[in-house]
1. What does the charge count near P101 come to, summing +1 for each Lys or Arg and -1 for each Asp or Glu among other residues with Cβ under 13 Å from its Cβ?
2. Residues with amide H under 5 Å of R99's amide H, sequence separation 5 or more or different chain, H placed in the peptide plane at 1.01 Å from N; which?
3. Tally Lys/Arg at +1 and Asp/Glu at -1 over every other residue whose Cβ is under 11 Å from the Cβ of I173; what's the total?
4. To the nearest 20 debye, what charge dipole does the stretch 4-247 have about its Cα centre, counting +1 at the Cβ of each Lys and Arg and -1 at the Cβ of each Asp and Glu?
5. Please sort 197-204, 170-177, 17-24, 71-78 by packing, taking for each peptide the average over its residues of neighbouring beta carbons within 10 angstrom, highest first.
6. Within a Cβ distance under 13 Å of H138, other residues only, what is the Lys/Arg minus Asp/Glu net charge?
7. For a quick check: with amide H placed at 1.01 Å from N, whose amide H comes under 5 Å from T147's, ignoring anything fewer than 5 positions away on the same chain?
8. Kindly provide the helix-only [θ] at 222 nm of the chain, computed as the sum of -39,500 (n - 2.57) over DSSP H runs of four or more divided by all residues, to the nearest 500 deg cm²/dmol?
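All of the numbers you see were taken from the coordinates with simple rules; none came from a lab. Keep in mind that this is a model prediction, so the values were computed, not measured. Neighbour counts run over all protein chains shown; Cβ positions are idealised from the backbone, glycine included.
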Amino acid sequence: MASRTQLQSPQDFLIIAHRGASSYAPENTIAAFDLALQMGASHLELDVHLTCDDYLVIIHDDTVNRTTNGTGPVASQTLAALQALDAGAWFGEAFVGARIPTLAEVLTRYHGRVHLHIELKGHTAHLPQQTVDLVRAHGMAQHVTFTSFQHTHLQTMRAYAPALPTGWLVGEISAAVLAQAHALGCVQLCPRASLVTPGLVQHLHAEGFRVRAWGVAHEALMRQVVEAGADGMTVNFPDKLLAYMAGRVSPPGEERQS
Ligand code: G3P
Ligand code: CA
């Protein structure tokens, strides 16, 4: 069991809408991001790729096949071609006409209202630099955490923008992973949610990392991550996590003053 002293208060715990409120609206669309904000989330996660004409677009997969009515790799298409696709119909009739957003559009739309967790996807070497440049140009550098599964993207971040916060998404935790995460200067380690236990959280905190989980497939796992003392998670159903955190009782003597 997690020690009661490890309780995260609702305002400190990172409740991050994963690809927006993606249980209820098509992932990585304005509809999903808007819905997450309407639910009360103030952290959005999204995935960025580069188009062949060098625009940053928000989509998860390397191809458009699963989440649009098109086919083929994102990286081989122009922005105009991608934005002609329907990115909502696959999810439901109510979302017909949704488009693949650009990162610039999202930075403009949510400026001053959210913290973004931008996952560097794709396999283009200059994607991290271009993402940083765009974030800085929009004055959002203080409101973004950059994450990736890809070691090379995080190495590029370390060299290009060492002051900006990064988190490494990992499928396992080992001594080698910890050593690499330190070398990368990551502030967060982001383990698969099913790995998150009180012992793991204590270990990663002792190493100096914030612990932010991913892969929260259901509510029991959501609760497990919270009770383990983690610092946050991405979740497709932010409404349920918000309600759970709001309903938790602070330990005696630790009630909030406001
Ligand atoms: O929280 C990060 C999470 O988004 C990683 O997995 O596949 O959804 O990008 P994925
Ligand atoms: Ca992601």
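1. My count for the surroundings of P101 gives -1.
2. Amide H neighbours of R99, under 5 Å, 5+ apart: I30, A87.
3. After counting each charged neighbour, the total is -1.
4. It comes to approximately 420 debye.
5. Final packing ranking: 17-24, 197-204, 71-78, 170-177.
6. Values: positive: R109, R113, R136; negative: E105, D133.
Net local charge, H138 excluded: +1.
7. For T147, whose amide H was placed from the backbone, the distant partners under 5 Å are I118, E119, L120, G167.
8. Details: 9 runs with 81 residues, N = 258.
Here the helix-only value at 222 nm equals -9000 deg cm²/dmol.
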